[in-house]
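First the structure, in the form of structure tokens, and then the observations on it.
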Amino acid sequence: MTPIQKIPYFQKQLLDWYAVHHRPLPWRETSDPYRIWVSEVMLQQTQVRTVIPYYQEFTRRFPDVSSLAGAELQAVLKVWEGMGYYARARNLHRAAGIVMTRHGGRMPDDIRMIRQLPGVGAYIAAAVLSIAWGRPFAVVDGNVRRVLARLQKIDVPVNGSLSQKNIFTVSAENLLFKQAPGRFNQAMMELGALVCTPRGPGCGRCPAAGCCAAFLSGTVDQYPRRIRRPRTPEIHVATGVVHKGRKILITRRKPEGLLGGLWEFPGGKVRKGETAEAACEREIKEEVGLEVRADGHITRVRHAYTHFRIVMDVFHCRYLAGRVRLNGPVDFRWIRPGEIDAYPFPGANHKFIPLLKED
Ligand code: SF4
């Protein structure tokens, strides 16, 4: 590691660059801690381009903590629908309730208290406290780690253990411009997003080139260091759209865990040696207690989650017998295909839902 010698020079270069080149994003036009919190939660796992319309719609529907706390979870998930990582929305909703009951509707401005809110980790806490209140906490996300790794030739992997990640936090705290921490943090993230990008960084137009250890030693292509992870496993699943008269069956997942609280079509994993049709019929029997016949392949969709990928065969299923008895899901509805838009569904379901509306 090669620590930066001229920290004030680096800070000035970075802030001057940011003043001219930053993108005019909607959450940069506010100092409202609630809106900054919402934007940072969304930005944690989603790209800026995708977040903008979601942020605008979310803050239009829930303009303050009180309106979010008073909303039904399903309404919150519906606005979040398609952005993925739904635990973020559930935590935001739960945290808004806590802000109302324990903090009189005012976002806590204390690191210890804000960290106690569901879903508020070190990154969100530092972002909200520094941007909304000018508190001297350094924000460290993937962009910032990459910039730091190159600036100081840090040989620790950016995707390593927690203690390895802490090395980047210490490094960011050393560089932080404490007179304007919010602006400095946003400038670091912006530099990573616009100039010091993962591939082909724009060193020729970088404000930090004069003090960047990797650039000055001609080793930019060697940073950041990363641990290679094995490819995520692929799971084959079968899903059924059960038709009874003019209605189709949807079920709701339990509120916690992966995709918690969202609606979906019943189905599950295809076992070894089993056909997708047989798996679909078996899973529906086990999950909702209905006898069905899978008699029309609708499509095959692929979808990636953080730790696995799925290949999903989707079938039209004819209802044969039985009454719905739930084993796993917590709720169900028989709806007309035209009513689908009233319910929040996961991204994998959205890949075939348009085909149902054509029927
Ligand atoms: Fe990144 Fe290049 Fe700037 Fe160094 S000089 S911070 S490698 S863009």
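The values are calculated or read from the model by the stated rules, or taken from the named source; none is laboratory data. Note that the structure is predicted; figures quoted are calculated from it, not measured. In this analysis, Cβ positions are derived from the backbone assuming ideal geometry, glycine residues included, and neighbour counts consider all displayed protein chains.
Worth pointing out:
- Any hit, segment 163-177, residues being more than 13 Å from the ligand (Cβ to nearest atom), small (Gly, Ala, Ser) and farther than 24 Å from residue 134 by Cβ: yes
- Just one of the listed residues (68, 77, 129, 92) is over 30 Å from residue 351 (Cβ atoms) and surrounded by 16 or more Cβ atoms within 10 Å (Cβ to Cβ), and it is 129.
- In this entry, residue 187 passes the filter for residues that are closer than 14 Å to residue 151 by Cβ, within 14 Å of the ligand (Cβ to nearest atom), touching a His at 6+ places or on another chain (Cβ under 8 Å) and part of a helix (DSSP H, G or I).
- Of all residues in segment 198-216, those that are under 28 Å from the mean Cα position of the chain (by Cα) and near the ligand (Cβ under 8 Å from one of its atoms) total 2.
Quick grid of which residues meet (1) part of a loop (DSSP other than H, G, I, E, B); (2) polar (S, T, N, Q); (3) free of Cβ contacts under 8 Å to residues at least 40 places away in the same chain:
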position: 5; (1), (2), (3): yes, yes, no
position: 8; (1), (2), (3): no, no, yes
position: 14; (1), (2), (3): no, no, no
position: 19; (1), (2), (3): no, no, yes
position: 37; (1), (2), (3): no, no, no
position: 46; (1), (2), (3): yes, yes, yes
position: 74; (1), (2), (3): no, yes, no
position: 83; (1), (2), (3): yes, no, no
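- Subset of segment 305-320 that is surrounded by fewer than 13 Cβ atoms within 10 Å (Cβ to Cβ) and not hydroxyl-bearing (Ser, Thr, Tyr) - its residue that is modelled with the lowest pLDDT: 307
- Cβ pairs under 8 Å, 6+ apart, first in segment 268-283 and without any contact (Cβ under 8 Å) to a residue 60 or more places away in the chain, second in a loop (DSSP other than H, G, I, E, B) and surrounded by fewer than 19 Cβ atoms within 10 Å (Cβ to Cβ): 279/271; 282/274
- Of the residues making up segment 221-237, those that are assigned to a loop (DSSP other than H, G, I, E, B) and within 16 Å of the ligand (Cβ to nearest atom) are 223, 224, 225, 226.
- Any hit, segment 140-151, residues being over 25 Å from the mean Cα position of the chain (by Cα), closer than 24 Å to residue 1 by Cβ, surrounded by fewer than 16 Cβ atoms within 10 Å (Cβ to Cβ) and within 16 Å of the ligand (Cβ to nearest atom): no
- Residue within segment 235-242 that is within 30 Å of residue 288 (Cβ to Cβ), more than 30 Å from the chain's Cα centre (by Cα) and in contact (Cβ under 8 Å) with a residue 12 or more places away in the chain present: yes
- Candidate set from segment 152-162 (those that are within 16 Å of the ligand (Cβ to nearest atom) and surrounded by fewer than 23 Cβ atoms within 10 Å (Cβ to Cβ)); member that is farthest from residue 219 (Cα to Cα): 158
Residues checked against (1) at pLDDT 95 or above; (2) closer than 24 Å to residue 175 by Cα:
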position	(1), (2)
7	no, yes
18	yes, yes
21	yes, yes
62	yes, no
